[in-house]
Each structure stands twice: as structure tokens, then as C-alpha cells.
Amino acid sequence: MAQEIELKFIVCGEGVETLRQHLSTLTTEHHPAGELLNIYYETADNWLRSHDMGLRIRGVQGRYEMTMKIAGRVVGGLHQRPEYNIELDKPELALERFPAEVWPDGELPADLASRVQPLFSTNFEREKWLVNEGDSRIEIALDRGEVKAGEHHEPICELELELLSGRTEDVLKLSHQLVGLAVLRQGSLSKAARGYHLAQGNAEREIKSLSVLPLVAKASVEQGMTAALENALAHWQYHEELWIRGNDNARPEIMNAIARIRHALMLFGGLVPRKASARLRDQLTLAEATLTSAVSAQTAAYDVQTAQAKLTLTEWLVMRGWQPFIDEKTQPKLADSFKRFADVQLSRVAAELKKAFAHPLGDRYADQLPRLARDLDSVMLLAGYYPETAVQAWLESWQGLSQSIAHRQRNDIELFRNEALNAEPFWLHSGKR
């Protein structure tokens, strides 16, 4: 088993030569482009996908390799996941050659070999540069070609930085340098993810609203914070992809994602000091300035400030950039139960909302919209351990109040304000439960 650590970027088509020329200044170890053919496999009921597994055979100059990638972690285009590679004499699957630890139940399912079939393929040319950065050896691969499933296909123009040996931080340091060329954006959709989408009919990807944050069981406060930020970063990248593909309605969701990042930093600000995220917040401000100006999706996505903001957040999460700022007194609080932290914070948010809207505000309701938006977003970050129906029932009146204020519907404002103030809390330790 190998631990694959690589950072993926989409390359602007017009910037390929600029990128190639720059890479040639970093090293003399250059490998000319060679063709790679990859065939990905799946069962009719998506058994592999449902277990977060990816199976492929890769062919390079008459040599073949079977690879299984299993569940790992993906943050902002940085992929960290175990992979198992088996050399083959011919391009035919030999699942029995994978070690038992690959399989969810510790052994190869009896009928799996007969059920897997080719699902999609990627055919591209890979040009490589080997770079020494800091204490690390990094392979930089430029891939150009296409992914194809049946009658559906789309182009590939990607850059991958893979850590061969050394430290993850060196991959990130080199990435910051390359992003400065203004021809790269972090790719949230891998070749495999795009192939699966094409194989399922290539339906138009839908706009998604930010929702209640899902959490793993018994998460710590620190895990809750990272989950919130990873969720917002994924939302940003997903909708940037949609915007570039021509859906202008995706642009507001990018701004919502950045707002959620700020809300999350504020929510955990009692434990993580502002100086820990100062650089990140400054870069978010610059990215917001670009995104709110009258620029095209292409210009915004490959803008240096926007790309650096996403990469800085990726680095902050992967390298746990807040840790050097945490003292011995705060460390146990970060390791404490997120559930307990959430209950306390939910009570504080509710108290703040009730104080702000305790009495009719006449013509001053609009002044409270930023506070209301921030507090409702905080609730969605905190409420992941409670039944969705109970959470939505509590949020409904406050969201109705927000919409009524935004649309200046005076009669509805008072109706929703009274309903919201009388809503029963859904969380424990609220004083009523």
C-alpha cells in the first residue's frame, strides 16, 4: 500500500505554454509527453463507489497496472488516500491479487469479479517534471486529453503535484508559487468523479444551498471546526466549477461559501485567536473584491487572489495552521466534545436573536439582517447532531423573518417575529430541555 498525496489543479487552456515554460525553469528533469490509457470499473449497483473505492487499469507503453484507491481525505483538491498498485501482464483484472485489507469485510466478495465492468475511460498525454523543493521530491504532471463514457466526453487539462518523498508542506509551498502564474485553479472534480458523472448520463449539475453541517460521531471541537471549513471550501469549489461551465446562478453560492468560512472562524474565535487566521482572512477579503466586481467566471477563477485564498485555506486545514497559536489551557477545550460546545453556542445564538427582535423595530429591521444571517448560519454549523426535522422547524420561522425583512413585507415580519420568538429549542441544556 502507498499513501498517495497529491494536489490537483485545472489549467487554463490559454495558459498551458506559460506553465510549461515556467516548469522548465525549475528543473532539468523533464519527461516528454507520453500516452496514458485508463479504464475505470464499477458494478451495476455502484458497489465500489458506495464503499468509496475506485478501481482502474492503466496502460503505459505496453505495461499495465491495476490500482485500487480506498477512502481517504480530500481537502480543496489535496488528495490524501491509500492506494494499492499491482503490475499486470495484460489489461485484465485480477482482483484476487489485492491484499485482504483492501476489502471492507477483510476478503474479496465472492461474486465481485463477475460483476465489475468497464464504466468509463480517460485517455491523455502526461508530461512530467521532477522537482526538488525543500526536503521533498515532487512529481509535477501535466495531463491533456479527455474522459469518455459512452457518447459523453469532456476535455482534460490538469496539473498534478504528487509528493514522492518528503513533506506535504513543500507541495503546498511549490503550489503557491505556481498559482502566482494566474493559469491554475484548484480542481474539486477528479478525472474519476467526472467519469462517473458522464457515465450516469451527464445531467446538468444543480445549484446546492448550504445546509446543516453533517458531523462524524463523537467529534471534538477541533473536528467540528475543520468540518465546517472543509464543507465551505467544497461548496466554493463546486459552485466555481458550475459558474465556469456557464451557470451564472452559481456565483452567489460562492459568496455564501466565503461568508460561511468567516462565520466559522468567528464561531470558534473564542478558542482560535484571530492572529492564527489573519493571513487567511486578508486573502478572503481580496478574493471577495474580485468576485463582487464585474468579471467573468474565467477571470475570477484563475485570478491570483482568488486562487491563493483557496490554497491558503487548504494549507491551513491540512497543516492545522491554528495549532502554533493554541496554548496549553486552550488545547483541552479544542479536544472536548463538539456536542457540548454546540449546545452552549446554540443557547447563546438564540439569546442574541431574542434580544435583537424582542420588540417591533419599525423601520429598523433591515439593520438586523446581517446579524440574522450570521446567527442562522451559526445554527446550521452547530445543529448537526439533532434530527433534521426539529432543526428545520426551529429555523423556519427565523428564515421566514429574514425573507420578509429582505422583501419589506411588513405584515409577515411581525407574524414570523412572534413565531420565531416562541419556537421551542431543539437542543439540550437550553433551559427548557
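Couple of notes before you dig in:
- Residues of the range 404-428 classified as open to solvent by 40 Å² or more (accessible area, probe 1.4 Å), without any contact (Cβ under 8 Å) to a residue 60 or more places away in the chain and within 22 Å of LEU382 (Cβ to Cβ), total: 4
- Number of the condition not met by HIS176 [criteria: (1) exposed (fewer than 15 other Cβ atoms within 10 Å of the Cβ); (2) free of Cβ contacts under 8 Å to residues at least 12 places away in the same chain; (3) under 24 Å from HIS235 (Cβ atoms); (4) of a type outside the set (Ser, Thr, Tyr)]: (2)
- Pair list, Cβ < 8 Å and 6+ apart or interchain, from the range 318-338 residues that are free of Cβ contacts under 8 Å to residues at least 40 places away in the same chain and among the small types (Gly, Ala, Ser) to residues that are open to solvent by 80 Å² or more (accessible area, probe 1.4 Å) and in a loop (DSSP other than H, G, I, E, B): none
- Test result for ALA366, in contact (Cβ under 8 Å) with a residue 24 or more places away in the chain and within 12 Å of PRO425 (Cβ to Cβ): no
- Restricting attention to the range 379-399, the residues that are more than 12 Å from PHE426 (Cα to Cα) and either at pLDDT below 95 or open to solvent by 10 Å² or more (accessible area, probe 1.4 Å) (or both) total 4.
- Checking GLY62 against (1) open to solvent by 50 Å² or more (accessible area, probe 1.4 Å); (2) at pLDDT 90 or above, the condition it does not meet: (2)
- Of the strands (runs of 3 or more DSSP E) lying entirely inside the range 109-223, the ones with 1 or more residues being hydroxyl-bearing (Ser, Thr, Tyr) are found at 117-133, 136-149, 152-165.
- Residue that is least open to solvent (accessible area, probe 1.4 Å), among those in the range 34-56 that are out of contact with any Leu (no Cβ under 8 Å at 6 or more places or on another chain) and among the small types (Gly, Ala, Ser): GLY34
- Meets criteria (touching a residue at least 40 places away in the same chain (Cβ under 8 Å), within 20 Å of GLU65 (Cβ to Cβ) and surrounded by fewer than 15 Cβ atoms within 10 Å (Cβ to Cβ)) for GLU92: no
- Among residues of the range 98-116 that are within 19 Å of ILE57 (Cα to Cα), those with a Cβ under 8 angstrom from a residue that is of a type in the set (Phe, Trp, Tyr) and outside any loop (DSSP other than H, G, I, E, B), sequence gap 6+ or separate chain, pair up as PHE98/TYR84; PRO99/TYR84; VAL102/TYR84; LEU112/TRP47; ARG115/TRP47; VAL116/TYR41.
- Residue count for the range 377-423 under the criterion of being out of contact with any Phe, Trp or Tyr (no Cβ under 7 Å at 6 or more places or on another chain) and assigned to a helix (DSSP H, G or I): the result is 25.
- On the stretch given as the range 116-138, residues that are touching a helix residue (DSSP H, G or I) at 6+ places or on another chain (Cβ under 7 Å) and surrounded by fewer than 16 Cβ atoms within 10 Å (Cβ to Cβ) total 2.
The values are calculated or read from the model by the stated rules, or taken from the named source; none is laboratory data. Given the structure is predicted, the values throughout are model-derived calculations rather than measurements. Heads up, the Cβs are rebuilt from the backbone with ideal geometry, glycines too, and the neighbour counts pull from every protein chain shown. Remember, those area values only see protein heavy atoms, side chains included, never the ligands or the DNA or RNA. Shrake-Rupley method; radii C 1.70, N 1.55, O 1.52, S 1.80 Å.
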